[in-house]
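Trainee: Just dropping this structure here.
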């Protein structure tokens, strides 16, 4: 009886210590690292700033989905979790939070590329920029 009990306890202990399946990690990229990345045609570039911030200029090809107004959390439910997503905002803070929300929702390929002005200063092409 002791042997059976020890076997059960041992199996319970070992099963609790097995590594859990890791969720994807959000990767941070500097502007230069992002410039070196070859974005596939299926990759998505997301600007998570407000519409007003976006209207003042954005990275070429970016889609605007405001993190703060609830659009982001609602819209991500319909996105393809296997695509690659590059996120930025004004400073990298909101894009980091948005990327973490995506990670928790099961997205696999997420990059926080930081703040718009830093990306622009690094020479990334912009559109609609009113402060050239």
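The values are calculated or read from the model by the stated rules, or taken from the named source; none is laboratory data. Remember, predicted model here, so these are calculated numbers, not experimental data. Cβ: placed from backbone, ideal geometry, glycine included. Neighbour counts: every protein chain shown.
Trainee: In this structure, does residue 35 turn out to be surrounded by fewer than 18 Cβ atoms within 10 Å (Cβ to Cβ) and either touching a residue at least 60 places away in the same chain (Cβ under 8 Å) or in a strand (DSSP E or B) (or both)?
Mentor: yes
Trainee: Find the residue count for segment 40-51, including only residues that are under 15 Å from residue 83 (Cβ atoms) and surrounded by 13 or more Cβ atoms within 10 Å (Cβ to Cβ).
Mentor: 4
Trainee: How many residues does segment 14-37 hold that are modelled with pLDDT of 65 or more and within 13 Å of the chain's Cα centre (by Cα)?
Mentor: Matching residues across segment 14-37 total 6.
Trainee: Those residues that are surrounded by fewer than 16 Cβ atoms within 10 Å (Cβ to Cβ) and more than 9 Å from the chain's Cα centre (by Cα), I need them from segment 83-107; list them, please.
Mentor: Listed by number, the residues that qualify are 83, 91, 93, 104, 105, 106.
Trainee: Sticking with this one: What number goes with the only condition from (1) part of a helix (DSSP H, G or I); (2) out of contact with any helix residue (DSSP H, G or I) (no Cβ under 9 Å at 6 or more places or on another chain); (3) modelled with pLDDT under 95 that residue 95 does not pass?
Mentor: Just one mismatch for residue 95, condition (3).
Trainee: What are the residues in segment 52-75 that are under 15 Å from the mean Cα position of the chain (by Cα), surrounded by 19 or more Cβ atoms within 10 Å (Cβ to Cβ) and modelled with pLDDT of 95 or more, if any?
Mentor: Once the filter is applied, which keeps residues that are under 15 Å from the mean Cα position of the chain (by Cα), surrounded by 19 or more Cβ atoms within 10 Å (Cβ to Cβ) and modelled with pLDDT of 95 or more, segment 52-75 yields 62, 65, 66, 67.
Trainee: Another question, if that's okay. What is the number of the single condition among (1) over 15 Å from the mean Cα position of the chain (by Cα); (2) modelled with pLDDT under 85; (3) not in a helix (DSSP H, G or I) that residue 41 does not meet?
Mentor: Going through (1) over 15 Å from the mean Cα position of the chain (by Cα); (2) modelled with pLDDT under 85; (3) not in a helix (DSSP H, G or I) one by one, residue 41 breaks only (2).
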